[in-house]
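Asker: My questions all concern the structure below.
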Amino acid sequence: DARAKFSGTPAHIARVGYGVAVKAGAPKPDVSTLEALKGTLLKAQSIAVFPTSAAGAFVQKTFERLGIMEVIKDKLKVQAGPVATPQAVARGEAELGVFLTNVLLAPGVELAGPFPGDLQQDLVFVGAVSTDSKNADAAKAFLDYLKTPDAVSVFNQLQLAKPRGV
C-alpha cells in the first residue's frame, strides 16, 4: 500500500468556508441569503473560478444547486490555479471571485461575504505526523503549537480560517 502511514490521531487544525470577493474599493454585493447570492451571481458580468479542485467542484455544485449554472456558465472565467482567482478580480478581469475565503483574502480584493446558511460547507485542515518522518518530534510540536491560544489568535486576526472547533 503506497498510502502514507501516520502516528497518532490526525489533528483538526482549522476550517475554512466559501465566499465571494470583489475588487478592493468596489461596492460589496449582498450575498447574505440564498436569494441574494443567486441574484448577485446572476447580475455579475464575470466570475473568476477554479473548478479543477475539490473546492472548485463544490463551487460548481453550488451554482447547480442554485439552479443558475446554465445561465452563468458563459461568464465564468476559469483560472489556472486557486490564487489566480483573487488576482483576476484584483486586475479587473472578473467582477467576482468565488472560492475558499482564505484564498480570497488577498491583496487587491475584499471579501463581499461568505456563502449563506445551508450553502456553506467548511473545508477542514488536518495535520498528522508521518510514521516515516525524520523529524517526528518537531512535526508533532508544530501541530501542537497550531492548537495553542497564540496560534488560534493568529487565525482569528487574519480571518484566514476558523480555529478547530469553531
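The values are calculated or read from the model by the stated rules, or taken from the named source; none is laboratory data. Nothing here was measured: the structure is a model prediction, and the numbers come from that model. Here the Cβ is made from the backbone with ideal geometry for all residues, glycine too, and neighbour counts use every protein chain on show. We work out accessible area using only protein heavy atoms, side chains counted, and drop any ligands, DNA or RNA first. Shrake-Rupley method; radii C 1.70, N 1.55, O 1.52, S 1.80 Å.
Asker: Identify all residues within segment 76-107 that are open to solvent by less than 50 Å² (accessible area, probe 1.4 Å), more than 16 Å from the chain's Cα centre (by Cα) and free of Cβ contacts under 8 Å to residues at least 40 places away in the same chain; write none if there are none.
Answerer: Within segment 76-107, LEU76 is the sole residue that qualifies.
Asker: Can you say whether VAL109 is under 16 Å from LEU41 (Cα atoms) and aliphatic (A, V, I, L, M), as far as the supplied structure shows? Steps first, please.
Answerer: Details: under 16 Å from LEU41 (Cα atoms): no; aliphatic (A, V, I, L, M): yes.
Taking the combined requirement at face value, the residue does not satisfy it.
Asker: While we're here: Identify, please: which residue in segment 108-128 is modelled with pLDDT of 95 or more and over 21 Å from ILE72 (Cβ atoms) and is, among those, least open to solvent (accessible area, probe 1.4 Å)?
Answerer: Looking at residues that are modelled with pLDDT of 95 or more and over 21 Å from ILE72 (Cβ atoms), I get GLY108.
Asker: Taking segment 62-89, which residues are of a type in the set (Lys, Arg) and part of a helix (DSSP H, G or I)?
Answerer: Applying the first criterion (of a type in the set (Lys, Arg)) to segment 62-89 yields 65, 73, 75, 77.
Once the filter is applied, which keeps residues that are of a type in the set (Lys, Arg) and part of a helix (DSSP H, G or I), segment 62-89 yields ARG65, LYS73, LYS75.
Asker: Filter segment 51-61 for residues that are out of contact with any strand residue (DSSP E or B) (no Cβ under 6 Å at 6 or more places or on another chain) and among the hydrophobic types (A, V, I, L, M, F, W, C) and give the result.
Answerer: ALA54, ALA57, PHE58
Asker: If you don't mind, another one. So VAL103 passes all but one of these: (1) modelled with pLDDT under 90; (2) in contact with a Pro (Cβ under 8 Å, 6 or more places away or on another chain); (3) not in a strand (DSSP E or B). Which condition number does it fail?
Answerer: (1)
Asker: Which members of segment 5-27 meet the condition of being surrounded by fewer than 15 Cβ atoms within 10 Å (Cβ to Cβ) and among the charged types (D, E, K, R)?
Answerer: Matches in segment 5-27: LYS5 only.
Asker: Filter segment 28-55 down to residues that are in a loop (DSSP other than H, G, I, E, B) and polar (S, T, N, Q) and give me whichever is least open to solvent (accessible area, probe 1.4 Å). Spell out the reasoning first.
Answerer: Initial filter on segment 28-55 (in a loop (DSSP other than H, G, I, E, B)): 28-33, 44-46, 50-53.
This time we only want the ones that are polar (S, T, N, Q), so: 32-33, 45-46, 52-53.
Numbers: SER32: 80, THR33: 67, GLN45: 142, SER46: 14, THR52: 108, SER53: 36 Å².
It comes out as SER46.
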